[in-house]
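So the structure is just underneath, and the comments pick up after that.
Derivation of every value follows stated rules applied to the coordinates shown; laboratory data play no part. Keep in mind it's a predicted model, so treat the numbers as computed, not measured. Note: ideal-geometry Cβ built from the backbone for every residue, glycine included; neighbour counts use all protein chains shown.
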Amino acid sequence: MLSKRGREGFTLVELLVVMAIIAVLTSILFPVFNRARAKARQVTCMSNLKQIGAALLMYADDWDGYVPSASELRKPLQLFYDGGYAGKNLDIFVCPEEKPWTFVKPPNGTNWTYTYGSQYRYSYTGWFLPDYPDLASTWRFTDSYRLSTKQQFYYFLNGTSAIHLRHSTMANTLFLDGHVAAKGGDFFGTFATY
C-alpha cells in the first residue's frame, strides 16, 4: 500500500546504484581522456618539429645549402633561434611530453643542451644538403634521451644518449626535406632507443 505523502527521496539502494554507474563510467573514460591528451601532446611535438624543419630550410637557403652539425661544441637549434629562423617561442625546442624540463628561458640564459636530438656528425662545417640525394629519407632531429640525466639531449652518440620512443613506442622525427613522421625503433637502425 502506498503512503499518502508520496515518495520523499531516493532509497539507499538507488543511490548506491547511481554511484556504481558513475564509478564504472569514470573507470572507462579516464583512460580514453589520457590517451587523447597523449595524442594531443604528440601532435604538438610534431608541430614543433615542423617549425624547426622550416627554420632548418630557411637556414640552408641563407647558407648555400649548409645546415649546422651537432657536436659537443655546436647546438644547431640554438643557431636557428639566435639567427631568428625559428621565432622567439622557446617551447618549440622541447617535446611537450618531456615536461617538466630544465630548459632555462631568458633573461637568465638558455640551456640548449636539453632540446630535440640531432644526429651527431664529426663535421664542423655542417651538413651540405646537396650531398644527400634523398632528403625525404634522411632524418635530422627526433625525440631524444640522455642516459645519465634522463632528459632530452641535443645530439645522439651511442652509449651516452638514445632515441626516446615516448609517443606510444614511436619517436617523432624531422627529415631533411622538412616533413615530420612518427617512427618506431626499427627505423633508426644502429641508434640506441629507449
Stretch gain in nm, segment Ala40-Val18, where the contour uses 0.36 nm per residue and the Cα spacing is subtracted
4.7 nm
Expected vector for the range 27-34, Karplus 3J(HN,Hα) from phi with 6.51, -1.76, 1.60 and θ = phi - 60°, integer Hz, x for Gly and Pro, equals 5, 7, 7, 4, x, 5, 5, 5
Give me the one-decimal nm value for the distance between modelled label points at Thr160 and Ser47, 7 Å along each residue's Cα-to-Cβ direction.
3.3
